Amino acid sequence: MNTIPHWINGAPATPAADTRTAPVYNPATGAEQARVALAGHADINAAVTAATAAFDSWSQSSISQRTTVLFAFRQLLIEHEEELGRIISAEHGKTVDDARGEIARGREVVEYACGLGDVLKGGFSGQVSRGIDVHDFREPLGVVAGITPFNFPAMVPLWMHPIAIATGNTFILKPSERDPSAANFVAGLYQRAGLPDGVFNVVHGDKTAVDALLTHSGISSVSFVGSTPIAKYVHETATANGKRVQALGGAKNHAVVLPDADLEFAGSHITAGAYGSAGERCMALSVAVAVGDAADRLLPVLQRKAEEVRVGPGDTPGTDMGPLITAAARERVESAVAAAPGQGATVVVDGRGLKVDGYENGFFTGPSLLDHVTTAMDAYQDELFGPVLAVVRVETLDEAIALINANPYGNGTAVFTSSGEAARRFQRGVKVGMIGVNVPVPVPMSYYSFGGWKDSLIGDSPIHGPEGVRFYTRPKVVTTRWPQPAQHEAAGFTFPTSN
Ligand code: NAD
């Protein structure tokens with residue numbers, strides 16, 4: 001069986017015979033389709049050595065040289081979108097169109113990075129003191145690492161590496177071991193775009209590889225996206241090892257529906273936000289908070305829409321929703337649905353036990369819709385990361401805002417209403433990083449930062465946009481005097497003040 005290798009110094013790194021490996025499944029068939037090499041310390045050292053060697057010249061390359069590579073890379077991402085989409089779909093299970101959507105969204109970060117000449121401009125202050133000027137500029141950190149989740153195998157790494165590379169760093173990506181092939185494909189595209197060997201490297205692996213990266217003295221920063229417990233661990237460990245860290249965690253995203261909303265519109269968008277990509281999105285809507293009499297009118301719409309979702313393999317045209325990533329993920333989701341009635345919820349649509357013809361061993365579960373969910377129930381408290389929508393009923397908008405703010409996560413949220421006043425009150429009241437107004441999934445825009453609040457972002461650094469440039473660089477402030485030979489002033493021994 002094919003073993004997916006690391007990509008180090010511009011080439012696949014053939015794993016040693018005794019390398020540990022993990023299975024990579026096709027979630028639609030349930031079959032193991034490849035093994036992936038799991039990096040040990042020697043592999044991480046090899047990647048750091050290659051990235052360190054490449055940093056010397058890449059960090060000195062001109063903005064124009066770097067932009068030329070990024071423009072070519074962007075073009076290759078366009079030309080190979082379908083191919084990369086199929087690679088993602090085969091290992092993740094999402095539909096090919098959905099995979100193409102994540103590639104397109106990630107490509108926008110490359111486009112942002114192509115404009116780096118502008119973004120990297122420093123400041124200048126003339127005559128801060130007599131004959132003295134000050135300016136600043138930003139320099140790359142060195143070798144930086146990215147550790148990413150399974151649910152967006154192209155887009156989440158693309159939030160990181162274009163900006164890191166554009167600002168002159170060299171990059172080591174540790175993608176999810178569950179869908180590793182997209183990372184190697186992207187490495188090949190970078191090489192074809194003219195990126196020098198060693199600037200972008202991929203190491204596959206599990207906790208062993210992550211720990212080696214977090215503690216390696218040759219790595220300057222760690223960007224992490226994944227579940228909250230691992231985000232906390234990564235933040236603590238990497239910070240203790242002197243690294244700059246950005247760590248995005250999990251989510252439980254609420255959509256508030258007010259009685260004045262267009263409920264057909266809201267129901268349709270909430271359904272897509274809840275069940276798209278089988279609910280395996282950090283911006284998936286997993287809770288609908290129905291205010292007042294919206295609930296009784298919204299439920300039939302949600303039920304009808306959930307029952308219309310076409311579940312099947314991701315590469316079959318017409319499929320809305322593919323399988324979950326693993327059999328264990330399906331088990332977690334179906335157990336939560338099974339437990340819901342015992343805790344007082346009503347199962348309106350039950351997706352458990354769904355079988356897809358010809359794909360009986362695939363990791364499929366259908367959309368599930370739960371009503372009368374309360375905040376005490378497991379289906380509300382756990383990040384199920386699957387196609388389960390829980391409806392919670394409240395009486396007022398203020399109650400809905402309080403409910404959202406009491407949740408430990410604060411990644412994304414949405415409000416459906418026709419009232420500008422209510423929408424404004426909502427966006428100013430919620431303690432959440434990304435907000436949609438009649439938009440169910442407020443998507444990442446490359447020129448804004450992306451990141452939640454509370455347990456959805458550990459530390460203080462959101463990802464990409466200007467925040468990404470700041471994260472991957474550090475400032476130098478230069479104070480300059482060019483005295484005329486005849487005007488030398490005597491040097492004073494008191495602390496210099498402006499004059
Ligand atoms: P995960 O936390 O299990 O894995 C993320 C990465 O950490 C992977 O590369 C994995 O190999 C590594 N990892 C896993 N266990 C580890 C351990 N014990 N020690 C060290 N490293 C470990 O997450 P996942 O299941 O791949 O992805 C889903 C999660 O990611 C969800 O919680 C989702 O909300 C979150 N997510 C968040 C965002 C965001 O923007 N906030 C975006 C995408 C996904």
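The values are calculated or read from the model by the stated rules, or taken from the named source; none is laboratory data. The structure presented is a predicted model; accordingly, all values stated were derived computationally and were not measured. Neighbour counts are summed over all protein chains in view; Cβ atoms, including those assigned to glycine, are modelled from backbone coordinates with ideal geometry. The protein model used for the area step is the full one, side chains on, heavy atoms only, and it has no ligands, DNA or RNA in it. Shrake-Rupley method; radii C 1.70, N 1.55, O 1.52, S 1.80 Å.
Which of the residues spanning the range 285-298 are open to solvent by 10 Å² or more (accessible area, probe 1.4 Å) and either within 13 Å of the ligand (Cβ to nearest atom) or of a type outside the set (D, E, K, R) (or both)?
First, the residues of the range 285-298 that are open to solvent by 10 Å² or more (accessible area, probe 1.4 Å): 286, 292-293, 296-297.
Within the range 285-298, 286, 292 meet the criteria.
Can you report the number of residues in the range 152-194 which are away from the ligand (no atom under 16 Å from the Cβ), open to solvent by less than 10 Å² (accessible area, probe 1.4 Å) and not in a helix (DSSP H, G or I)?
Total meeting the criteria: 4.
Name the residue that is nearest to the ligand (Cβ to nearest atom), counting only residues in the range 407-418 that are surrounded by 15 or more Cβ atoms within 10 Å (Cβ to Cβ) and over 21 Å from the mean Cα position of the chain (by Cα). Let's see the steps before the verdict.
Going through the range 407-418, the residues surrounded by 15 or more Cβ atoms within 10 Å (Cβ to Cβ) turn out to be 407, 409-417.
Add one more test, that the residue is over 21 Å from the mean Cα position of the chain (by Cα), and what stays is 415-417.
On the way: 415: 20, 416: 22, 417: 25 Å.
Checking each candidate, the answer is 415.
When you scan the range 470-486, do you find a residue that is surrounded by 14 or more Cβ atoms within 10 Å (Cβ to Cβ), within 30 Å of residue 275 (Cβ to Cβ) and hydroxyl-bearing (Ser, Thr, Tyr), even just one?
For the range 470-486, residues surrounded by 14 or more Cβ atoms within 10 Å (Cβ to Cβ), within 30 Å of residue 275 (Cβ to Cβ) and hydroxyl-bearing (Ser, Thr, Tyr): absent.
Could you list, in sequence order, the residues of the range 115-151 that are part of a helix (DSSP H, G or I) and open to solvent by 20 Å² or more (accessible area, probe 1.4 Å)?
Keep residues of the range 115-151 that are part of a helix (DSSP H, G or I), which gives 116-119.
Residues satisfying the conditions are 117, 118, 119.
Quickly run through the range 136-151 and pick out the residues that are more than 23 Å from residue 218 (Cβ to Cβ) and within 16 Å of the ligand (Cβ to nearest atom). Spell out the reasoning first.
Narrowing the range 136-151 to residues more than 23 Å from residue 218 (Cβ to Cβ): 136-137, 149-151.
Answer for the range 136-151, where residues must be more than 23 Å from residue 218 (Cβ to Cβ) and within 16 Å of the ligand (Cβ to nearest atom): 149, 150, 151.
Just for the range 207-233: of the residues that are over 17 Å from residue 159 (Cβ atoms), within 16 Å of the ligand (Cβ to nearest atom) and in contact with a strand residue (DSSP E or B) (Cβ under 7 Å, 6 or more places away or on another chain), which one is most open to solvent (accessible area, probe 1.4 Å)?
Residue satisfying both the conditions and the ranking: 232.
Within the range 262-284, which residues are part of a loop (DSSP other than H, G, I, E, B) and open to solvent by 40 Å² or more (accessible area, probe 1.4 Å)? First the steps, then the outcome.
Here is the first cut: in the range 262-284, the ones part of a loop (DSSP other than H, G, I, E, B) are 262, 280-284.
Matches in the range 262-284: 262, 281.
Which ones in the range 371-429 are more than 19 Å from residue 293 (Cα to Cα) and in a loop (DSSP other than H, G, I, E, B)?
Correct list: 375, 376, 377, 382, 383, 384, 385, 386, 387, 407, 408, 411.
Just give me the residues in the range 61-74 being touching a residue at least 24 places away in the same chain (Cβ under 8 Å) and surrounded by fewer than 19 Cβ atoms within 10 Å (Cβ to Cβ), in sequence order.
Step one: filter the range 61-74 for residues touching a residue at least 24 places away in the same chain (Cβ under 8 Å), giving 61, 63-64, 66-74.
Matches in the range 61-74: 61, 63, 64, 67, 68, 71, 72.
Could you please find all residues in the range 1-31 being more than 14 Å from residue 205 (Cα to Cα), open to solvent by 70 Å² or more (accessible area, probe 1.4 Å) and over 23 Å from the mean Cα position of the chain (by Cα)?
Listed by number, the residues that qualify are 1, 2, 9, 12, 14, 17, 18.
What number of residues within the range 459-499 are outside the structural domain of residue 164 (by TED's automatic domain parsing) and within 12 Å of the ligand (Cβ to nearest atom)?
The total comes to 0.
Just need a number here: residues in the range 383-412 that are within 10 Å of residue 286 (Cα to Cα) and either without any contact (Cβ under 8 Å) to a residue 40 or more places away in the chain or not aliphatic (A, V, I, L, M) (or both).
Residues of the range 383-412 within 10 Å of residue 286 (Cα to Cα): 383-391.
Imposing the further condition that a residue be either without any contact (Cβ under 8 Å) to a residue 40 or more places away in the chain or not aliphatic (A, V, I, L, M) (or both) reduces the set to 383, 385-387.
So the count comes out to 4.
Quick check, is residue 416 within 19 Å of residue 283 (Cα to Cα), among the aromatic types (Phe, Trp, Tyr) and in contact with an Asp or Glu (Cβ under 7 Å, 6 or more places away or on another chain)? Write out each step before concluding.
Details: within 19 Å of residue 283 (Cα to Cα): yes; among the aromatic types (Phe, Trp, Tyr): yes; in contact with an Asp or Glu (Cβ under 7 Å, 6 or more places away or on another chain): no.
Considered against the rule, which asks whether it is within 19 Å of residue 283 (Cα to Cα), among the aromatic types (Phe, Trp, Tyr) and in contact with an Asp or Glu (Cβ under 7 Å, 6 or more places away or on another chain), residue 416 comes out as no.
For the range 321-346, what are the residues that are surrounded by 19 or more Cβ atoms within 10 Å (Cβ to Cβ) and under 23 Å from the mean Cα position of the chain (by Cα)?
We begin by selecting, within the range 321-346, every residue surrounded by 19 or more Cβ atoms within 10 Å (Cβ to Cβ); these are 321-325, 329-330, 333-334, 336-337, 340, 345.
If the condition is that a residue be surrounded by 19 or more Cβ atoms within 10 Å (Cβ to Cβ) and under 23 Å from the mean Cα position of the chain (by Cα), then 321, 322, 323, 324, 325, 329, 330, 333 are the ones that fit.
Would you check if there is a residue in the range 206-223 being outside any helix (DSSP H, G or I), under 28 Å from residue 2 (Cβ atoms) and within 17 Å of the chain's Cα centre (by Cα)?
First, the residues of the range 206-223 that are outside any helix (DSSP H, G or I): 206, 216-223.
From the residues that got through so far, the ones that are under 28 Å from residue 2 (Cβ atoms) too are 206.
Filter once more, keeping what is within 17 Å of the chain's Cα centre (by Cα): none.
Among the residues of the range 206-223, not one is outside any helix (DSSP H, G or I), under 28 Å from residue 2 (Cβ atoms) and within 17 Å of the chain's Cα centre (by Cα), which makes the answer no.
Restricting the search to the range 240-261, which residues are open to solvent by 20 Å² or more (accessible area, probe 1.4 Å) and either outside any helix (DSSP H, G or I) or away from the ligand (no atom under 15 Å from the Cβ) (or both)?
Looking only at the range 240-261, we keep the residues that are open to solvent by 20 Å² or more (accessible area, probe 1.4 Å), and these are 240-242, 244, 259-260.
Within the range 240-261, 241, 242, 244, 259, 260 meet the criteria.
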